[in-house]
Amino acid sequence: MRQFKSVYVPGNHTHQASYKPLLKQVVEEIFNPEKPDPVDIEHMSSGLTDLLKTGFSMFMKVSRPHPSDHPLLILFVVGGITVSEAKMVKDLVASLKPGTQVIVLSTRLLKPLNIPELLFATDRLHPDLGF
């Protein structure tokens with residue numbers, strides 16, 4: 001990740017330091033109208049027509065599709081997501097681009113008590129997945 005390096009926003013003389021969640025940063029970047037190409041979000045081409053477009057892009061200026069161009073956003077979070085994070089993403093998408101449907105998927109639904117357990121697990125190669 002080149003752009004999303006920290007969740008810490010330093011304070012100054014008039015504002016205190018704050019926390020800006022990574023998911024919030026990613027969703028704001030997707031729907032930011034001032035940045036046509038997100039730095040850390042890439043379009044993966046698939047199929048013959050997309051490969052041909054990619055091949056011709058060496059000779060012509062072919063613009064890649066932007067994630068906010070579509071009426072449906074599917075966000076997949078690896079490692080787990082809390083209910084409050086999923087609600088934050090849903091509310092943020094509704095405020096930034098009304099009419100866009102968002103589907104949030106994850107490998108696990110986390111409870112707040114799961115997060116310290118996962119952060120401080122002694123065996124990081126074989127964490128307890130709760131099976």
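The values are calculated or read from the model by the stated rules, or taken from the named source; none is laboratory data. Treat the numbers as computed from the prediction; the structure is a model and nothing was measured. When we count neighbours, we look across all protein chains shown, and the Cβ atoms used for this are built from the backbone with ideal geometry, even at glycine.
Among the residues of the stretch 1-23, those that are surrounded by 10 or more Cβ atoms within 10 Å (Cβ to Cβ) and among the β-branched types (Val, Ile, Thr) comprise Val7, Val9. Out of Phe31, Phe56, one residue alone is modelled with pLDDT under 90 and within 12 Å of the chain's Cα centre (by Cα). It is Phe31.
Restricting to the stretch 67-111, name every residue that is basic (Lys, Arg) and free of Cβ contacts under 8 Å to residues at least 24 places away in the same chain. Explain how you work it out, then say what you get.
Of the residues in the stretch 67-111, the ones basic (Lys, Arg) are 87, 90, 97, 108, 111.
Within the stretch 67-111, Lys87, Lys90 meet the criteria.
Annotation: of all residues in the stretch 91-119 being loosely packed, with under 11 Cβ neighbours inside 10 Å and in a helix (DSSP H, G or I), the one that is modelled with the highest pLDDT is Ser95. Residues that are over 15 Å from the mean Cα position of the chain (by Cα) and charged (D, E, K, R) were ranked within the stretch 34-53; the one that is modelled with the highest pLDDT is Glu34.
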